[in-house]
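Single-structure report; data block below.
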Amino acid sequence: MKKRDTLRKFIFKLVTCAMLAALQIVLSRFAGIQAQYFQFSLGFVPIAVCSAMLGPIFGAACAFVADFLGVIIGGTGAYNPLFSINAVLFALVYALFLYKKELSVKRAIICEAVQTACISIPLTPLWLWIYFNFFLDKPRGYSVIFTSKLAESLIVFPLKAAVLSVVSLYLIPKLRKHYFEGEKK
């Protein structure tokens with residue numbers, strides 16, 4: 001009976017992860033604002049919820065699958081595995097700050113600040129610089145890409161911090177309550 005319960009819980013987590021990955025694809029690829037130098041969507045919310053509820057391994061797996069399938073389904077260009085590193089790192093930071101932790105606005109803001117300062121601003125321009133210099137005819141300087149990402153991050157950070165604060169205070173606690181009740185059955 002114990003093996004059956006363990007398998008049932010694993011399948012329950014896997015199905016939850018798959019649904020959140022699908023929701024991430026829809027929110028980020030089809031329900032966001034995307035311009036040449038600016039993009040914002042609520043696609044980070046399912047990854048944050050997955051990481052907060054299921055932990056770092058399921059959160060990272062969900063982020064990777066959503067990134068990979070999102071590029072294939074969304075048709076936004078060729079798949080670049082370097083951006084999957086960002087997606088996985090985002091999920092790991094969400095898990096670090098939200099998984100089995102007391103949720104607060106301060107924790108949500110610090111989580112987004114760490115992601116912006118340690119992942120978005122330095123790594124995204126680096127991946128773009130590598131892509132432009134190896135695959136395109138006209139290589140661009142890192143400083144141009146970095147400056148553009150810095151400007152975007154100054155706009156997106158408060159938006160993401162506000163949304164994550166609301167999600168952390170209202171959505172995740174309710175989902176935890178219902179999720180763990182459903183997991184016991």
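Under a point-charge model restricted to the Cβ atoms of Lys and Arg (+1) and Asp and Glu (-1), what is the dipole moment magnitude of the chain relative to its Cα centre, in debye to the nearest 20? Before the final figure, lay out each step's value.
Working: 20 positive and 8 negative charges, 181 e Å.
It works out to roughly 860 debye.
With a 1.4 Å probe and all protein chains kept in place, how do Lys13, Lys100, Lys174, Lys160 rank by accessible area, largest first?
Lys100, Lys174, Lys13, Lys160
Find the centroid of the Cα atoms in the stretch 73-92 and in the stretch 138-180, then give the distance between the two in whole Å.
Taking the Cα centre of the stretch 138-180 as reference, the centre of the stretch 73-92 is 15 Å away.
Using Stokes-Einstein with the Kirkwood hydrodynamic radius over Cα pairs, what translational diffusion coefficient do you get for the stretch 77-116 at 10 °C and a viscosity of 1.306 mPa s, in µm²/s rounded to a whole number?
Diffusion coefficient, whole number: 143 µm²/s.
If you place +1 on the Cβ of every Lys and Arg, -1 on the Cβ of every Asp and Glu, and leave all else neutral, what size is the dipole of the stretch 20-120 about its Cα centre, to the nearest 20 Debye?
So the magnitude is around 180 debye.
For the Cα atoms of the chain, what angle does the longest principal axis make with the long axis of helix 44-54, in degrees from 0 to 90, nearest 10?
40 degrees
Would you please classify the overall shape of the stretch 24-129 from the alpha carbon gyration tensor, given that a ≥ b ≥ c denote the square roots of the eigenvalues, rounded means a/c under 1.5, and beyond that prolate means a/b larger than b/c while oblate covers the rest? Provide the component values of the computation, followed by the final result.
Working: a/c = 1.67, a/b = 1.44, b/c = 1.16.
Because a/c hits 1.5 or more and a/b exceeds b/c, the stretch 24-129 counts as prolate.
Tilt of helix 105-115 relative to the longest C-alpha principal axis of the chain, in degrees (0 to 90, nearest 10)?
The angle comes out near 50 degrees.
Tell me what the chain gives for mean residue ellipticity at 222 nm when only DSSP H runs of n ≥ 4 count, each as -39,500 (n - 2.57), the sum divided by the residue total, rounded to 500 deg cm²/dmol.
-24500 deg cm²/dmol
Angle, helix 121-135 long axis vs. longest principal axis of the chain, Cα atoms, 0 to 90°, nearest 10?
60 degrees
State in Å² the accessible area per residue of the chain; use a 1.4 Å probe, count heavy atoms of protein chains only, and round to the nearest integer.
Heavy-atom accessible area per residue stands at 59 Å².
Using a 1.4 angstrom probe with every protein chain in place, what is the largest-first accessible-area order of Asp67, Asp5? Could you put the intermediate results ahead of the total?
Details: Asp67 25, Asp5 70 Å².
Sorted descending by solvent-accessible area, the residues read Asp5, Asp67.
Among Leu54, Leu175, Leu159, which one shows the biggest mean-square fluctuation in a GNM of the chain, springs joining Cα atoms closer than 10 Å?
Leu175
Applying 1/(1 + (r/R0)^6) with R0 = 45 Å to the Cβ-Cβ distance of Lys101 and Ile33, what FRET efficiency is obtained, to the nearest 0.05?
0.90
With the chain treated as a Gaussian network of Cα nodes joined by springs under 10 Å, which of Phe12, Phe68, Phe97 yields the largest mean-square fluctuation?
Phe12
The values are calculated or read from the model by the stated rules, or taken from the named source; none is laboratory data. Since the structure is predicted, the reported quantities are computational estimates derived from the model, not experimental observations. Positions of Cβ are backbone-derived with ideal geometry, glycine not excepted, and every protein chain shown enters the neighbour counts. Ligands, DNA and RNA are excluded from the accessible area calculation, which covers all protein heavy atoms including side chains. Shrake-Rupley method; radii C 1.70, N 1.55, O 1.52, S 1.80 Å.
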